[in-house]
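Structure, as structure tokens:
The values are calculated or read from the model by the stated rules, or taken from the named source; none is laboratory data. What you see is a predicted model; the values in this text were computed from it and never measured. Here the Cβ is made from the backbone with ideal geometry for all residues, glycine too, and neighbour counts use every protein chain on show.
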């Protein structure tokens, strides 16, 4: 019974200590002019502008020229994109992995799987392991 009371007391202490961390939210009315001003203030956030800024980078231009595409033609093609196409392309560029591929991770995973199967005695690949069988 004493342990149950201690457990209940600890639970109450934790609950009350977390209750003090609640933060109040504040809300205010936003006028139509403020919303329209925020939307008009950021034309550089458009997908066409982001793609244009990307094409202005020297490393991107060098890669385009390596593929046989001049920067002027690339800018014309970006300008010809619809808003939906430009948004999709900009999202794909932002979500693309930063490195080449995860070959090292795959190799490490395969090594660990083979090591575990070697230790469990299912295979005998590595001479430095001993089977548990």
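Here are a few things to note about the model shown:
- Residue in the stretch 73-81 that is in a helix (DSSP H, G or I), exposed (fewer than 10 other Cβ atoms within 10 Å of the Cβ) and within 25 Å of the chain's Cα centre (by Cα) present: no
- Taking residues in the stretch 54-70 that are in the same structural domain as residue 92 (by TED's automatic domain parsing), and partners anywhere that are assigned to a loop (DSSP other than H, G, I, E, B), the pairs with Cβ atoms closer than 8 Å and at least 6 places apart or on different chains are 64/70.
- When the stretch 82-125 is limited to residues that are outside any helix (DSSP H, G or I) and at pLDDT below 80, the one that is nearest to residue 48 (Cα to Cα) turns out to be 96.
- Test: residue in the stretch 26-35 that is in contact with a helix residue (DSSP H, G or I) (Cβ under 8 Å, 6 or more places away or on another chain), at pLDDT below 85 and in a helix (DSSP H, G or I): no
- Unmet criterion (only one of (1) modelled with pLDDT under 80; (2) under 29 Å from the mean Cα position of the chain (by Cα)) for residue 12: (2)
- You will find that of 71, 43, 47, the residue that is at pLDDT below 80 and in contact with a helix residue (DSSP H, G or I) (Cβ under 8 Å, 6 or more places away or on another chain) is 43 and no other.
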